[in-house]
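The structure is given below, and queries will be raised subsequently.
The values are calculated or read from the model by the stated rules, or taken from the named source; none is laboratory data. None of the values given here were measured: they were computed from a predicted structure. Positions of Cβ are generated from backbone atoms using ideal geometry, with glycine treated the same way; all protein chains shown enter the neighbour counts.
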Amino acid sequence: MEAFTDAVVAIIMTIMVLEFKTPESPQWTAILHEGPYLFAFGVSFLFIAVAWYNHHYMFSLADRISKRVYWLNIAWLFAMSLLPVATAWAGRYLQARAPEYFYLLVFFLWSKTYLYLSMALATDLDATNGEKAARIRRMPIFRFMQSWRLLTQTVVVGILIYFYPPSCLLVTSLELIYMAIHTTPDSDKIAG
């Protein structure tokens, strides 16, 4: 399961970088025309990196992969597979509302599938190893997605997009930086 997920995630990251266009001029200013996409790409790259790190942590704790976990992982990968389209659209039209709303929708869909995947892994572990289940539930990303904060942030960002469309990528990048810094204390000690 992890090898398959790793391959799909790596392909998603590769597809995103292929959208980055080579400047038409050798001047430094030519790269500035690609700046909005580069910004969107950077946010999405961080998005995937944080998700992948936490995904590996959760799966290193799993004793087995149930059919429910398998299909939730597939749903999570589906949500993530929409990220290259959302990134390209939001990066091309940084000041437009519709692409930013689509990016927010993809981020929310990804978050919900990730939460359900985490919950399923923890529930499966409850039967065999309560401490491992508790470790998943203590993950900062799990606690954020399970709380009122995810829905509240989504609504607030939805309102902000109406007035300033790039706020979606800005808020998302801040949240991802926070999640990259605040990981489970033992996450860097897991082998596997």
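Examine the range 97-104 for a residue that is within 21 Å of residue 50 (Cβ to Cβ), in contact with a Ser or Thr (Cβ under 8 Å, 6 or more places away or on another chain), in contact (Cβ under 8 Å) with a residue 12 or more places away in the chain and among the charged types (D, E, K, R), and state whether such a residue exists.
Scanning the range 97-104 turns up at least one residue that is within 21 Å of residue 50 (Cβ to Cβ), in contact with a Ser or Thr (Cβ under 8 Å, 6 or more places away or on another chain), in contact (Cβ under 8 Å) with a residue 12 or more places away in the chain and among the charged types (D, E, K, R).
Here are the criteria: (1) in contact with a Leu (Cβ under 7 Å, 6 or more places away or on another chain); (2) over 24 Å from residue 12 (Cβ atoms); (3) modelled with pLDDT of 95 or more. Tell me which single one residue 146 does not satisfy.
Against the list (1) in contact with a Leu (Cβ under 7 Å, 6 or more places away or on another chain); (2) over 24 Å from residue 12 (Cβ atoms); (3) modelled with pLDDT of 95 or more, residue 146 comes up short only on (3).
Check residue 185 against each of (1) surrounded by fewer than 13 Cβ atoms within 10 Å (Cβ to Cβ); (2) over 21 Å from residue 49 (Cα atoms) and name the one condition it does not meet.
(2)
Among 93, 37, which is in contact with a Gly (Cβ under 8 Å, 6 or more places away or on another chain) and more than 17 Å from residue 115 (Cα to Cα)?
Result: 37 is the single residue among 93, 37 that is in contact with a Gly (Cβ under 8 Å, 6 or more places away or on another chain) and more than 17 Å from residue 115 (Cα to Cα).
If you scan the range 53-96, which residues turn out to be touching a residue at least 40 places away in the same chain (Cβ under 8 Å) and among the small types (Gly, Ala, Ser)?
Within the range 53-96, 60, 62, 66, 75, 81, 86, 88, 90, 91, 96 qualify.
Sort out which residues of the range 97-143 are among the charged types (D, E, K, R) and either in a helix (DSSP H, G or I) or buried (at least 21 other Cβ atoms within 10 Å of the Cβ) (or both), and write them in order of number.
97, 100, 112, 124, 126, 131, 132, 135, 137, 143
Could you please find all residues in the range 1-23 being in contact (Cβ under 8 Å) with a residue 60 or more places away in the chain, of a type outside the set (S, T, N, Q) and under 16 Å from residue 83 (Cα atoms)?
Within the range 1-23, 8, 9, 12, 15, 16, 19 meet the criteria.
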